[in-house]
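Accompanying notes for the structure given below.
The values are calculated or read from the model by the stated rules, or taken from the named source; none is laboratory data. Bear in mind the structure is a predicted one, so any value in this text is a computation, not a measurement. Note that we place each Cβ from the backbone using ideal geometry, even for glycine, and neighbour counts take in every protein chain shown. Areas reflect the complete protein model, heavy atoms only, side chains present, ligands, DNA and RNA absent. Shrake-Rupley method; radii C 1.70, N 1.55, O 1.52, S 1.80 Å.
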Amino acid sequence: MKFEFRFEVTAIDGSTAARNGRFHTPHGIIETPVFAPVGTQATVKAIRPSDLHQLNASLILSNTYHLYLRPGDELVKELGGLHNFMQWDGPILTDSGGFQVFSLSDTRKIDADGVTFQSHHDGSRHRFTPESSIAIQENLGADIIMAFDECPPPDDYDYVKKSLARTHPWLERCLAAKTRNDQALFGIVQGGIFADLREESGRFVTDLDLPGYAIGGLAVGETKSQMHAVLDVLQPILPQNKPRYLMGVGAPEDLVNGVMRGLDIFDCVLPTRLARHGSAFVLGGRLNLRNAQFSRDPQPIANDCACYCCQNFSRAYLRHLVKANEILGHMLLSTHNLHFLINLMQQMREAIRQGTLAQFGADFLQHYD
């Protein structure tokens, strides 16, 4: 089935580079800017699909590397693809497995053709190439799939330059290997913290006229100012009529700064990971519910929050769950943290429509620590 992936810019903020958009996919329209909860193993940790709908999540991400190793992409295909397998009827994005493979620095070997690596489960040897990554993602059946690339250390110029010489041909091989017309292949711009390499990569990737473009290799150890500088370099290079995806970024302040720099799609494990460690997003920063000061606190996490957690439970109860390591604590704090980020994106979409995003962003960043 051939599907026409379209991105419509529906509003532009006059004082920043932000815009509202609508990206059409086979499983629905994604209103942008958008935050995508991460469902690494075909599940957003401690959250049911029905809860995601109630949170107004419109896009989720799953991971090629993990699903290839367990339960296997062929099994997922046999059972109807990711949407049927995990009972999520909205759009799904799968990464290529590249970031996970390259993070296995002690057990993988890179060559011009691909990467050989050992499973973190049992040490068994496997190999990813651009062609195999696309084949796995086609079996998984996500709406948006990612090119197989290398995520290099951000501050080693010579290595990053060599990495681009590998990664750019891999993108062309991904495009040649792709057979499904109902999946949008996004290319990934790399280049570390170096403006000239980012510009080189941005121009190469966008010359291929893909349905969307991702920025990879950020939030991997560089400073916030270095991240912002890279985004500023790429903002005029990435096409206005295609969605722009900042990979692996989900801290609230990074979402605000990213949206103001013209980014459309974000994902991160941060909200559910913080929840499992007892932390909650609030407008002033984060609450660590392990702290003794909350042991008798009758207030919700945030008085003005409409999420299920804040509407029903006190900080004292949540601290009890966290200290007792109860699963319900993970569920409730994950619900709150995801609501916080999804609601933040909704507020920014509205501010873009009203032309007030610059003031909204300045107010948010002034109070967020």
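Quick notes
- Taken along its three principal axes, the alpha carbon spread of region 200-288 comes to 46, 24, 21 Å, from the longest extent down to the shortest.
- Relative contact order of the chain, defined on C-alpha pairs under 8 angstrom at six or more residues apart (%): 18
- The charge dipole of region 252-369, taken about its Cα centre with unit charges on the Cβ atoms of Lys, Arg (+1), Asp and Glu (-1) only, comes to about 400 debye.
- Solvent-accessible area assigned to carbon and sulfur over region 285-324 amounts to 43 percent, based on a 1.4 Å probe.
- Distance from region 172-197 to region 248-311 (C-alpha centre basis), Å: 31
- Sulfur and carbon atoms: percent of accessible area, region 1-107 [1.4 Å]: 49
- Ignoring lysines fewer than eight residues from residue 109 along the same chain, the ones with Cα atoms less than 22 angstrom from its Cα are 161, 162.
- Seen against the Cα atoms of the chain and their longest principal axis, helix 157-177 is set at about 80 degrees.
- Positive-end extreme of charge dipole, the chain - chosen from 359, 334, 262 (charges on Cβ): 334
- Each part gets one Cα centre, and for region 313-330 versus region 131-161 those centres are 38 Å apart.
- Once you reduce region 215-230 and region 96-120 to the center of their Cα atoms, the two points are 22 Å from each other.
- Length-normalised contact order for region 1-143 - Cα pairs under 8 Å, 6+ apart - percent: 20
- By the rule of a C-alpha distance below 28 Å, with chain neighbours fewer than 8 residues away ignored, the lysines paired with residue 2 are 77, 178, 242.
- Cα gyration tensor shape of region 55-144, rounded if a/c is under 1.5, else prolate or oblate by comparing a/b with b/c: prolate
- Free-standing Cys residues across the chain, given no other cysteine C-beta under 4.7 angstrom: 151, 174, 268, 307, 309
- A simple charge model with +1 on the Cβ of Lys and Arg, -1 on the Cβ of Asp and Glu and nothing else charged puts the dipole of region 184-237 at about 180 debye relative to its Cα centre.
- Angle between the chain longest axis and helix 357-367 axis [Cα atoms, degrees, rounded to 10]: 60
- As a length-normalised measure over Cα pairs under 8 Å and 6 or more apart, the relative contact order of region 253-369 settles at 33 percent.
- Tilt relative to the chain, helix 224-234 - C-alpha long axis, 0 to 90 degrees, to 10: 50
- Principal axes of region 291-369: Cα extent on each, largest first, Å: 45, 21, 17
- Among (i) 1.22; (ii) 1.13; (iii) 0.96, the entry derived from the coordinates for Rg/Rh (Cα atoms, Kirkwood Rh): (iii)
- Comparing 140, 157, 194 along the charge dipole axis of region 137-212, the residue lying farthest to the positive side is 140, per the Cβ-charge model.
- Excluding ligands, DNA and RNA, the accessible surface per residue across the chain is 41 Å² with a 1.4 Å probe.
- Dimensions of region 138-255 from C-alpha coordinates, computed as largest minus smallest value along each principal axis and given longest first, are 39, 33, 25 Å.
- Whether region 101-183 is rounded, prolate or oblate, judged on the alpha carbon gyration tensor where a/c under 1.5 counts as rounded: oblate
- Rolling a 1.4 angstrom probe over region 168-264 with all protein chains present gives an accessible area of which 51% lies on carbon and sulfur atoms.
- Net dipole in debye of the chain [+1 Lys, Arg Cβ; -1 Asp, Glu Cβ; about Cα centre; nearest 20]: 820
- Peptide packing for 74-83, 125-134, 184-193 was compared via the average number of neighbouring C-beta atoms within 10 Å per residue; ordered from the highest value, the list is 184-193, 125-134, 74-83.
- Cβ-based net charge around residue 140, under 14 Å, with every Lys or Arg adding one and every Asp or Glu removing one: -3
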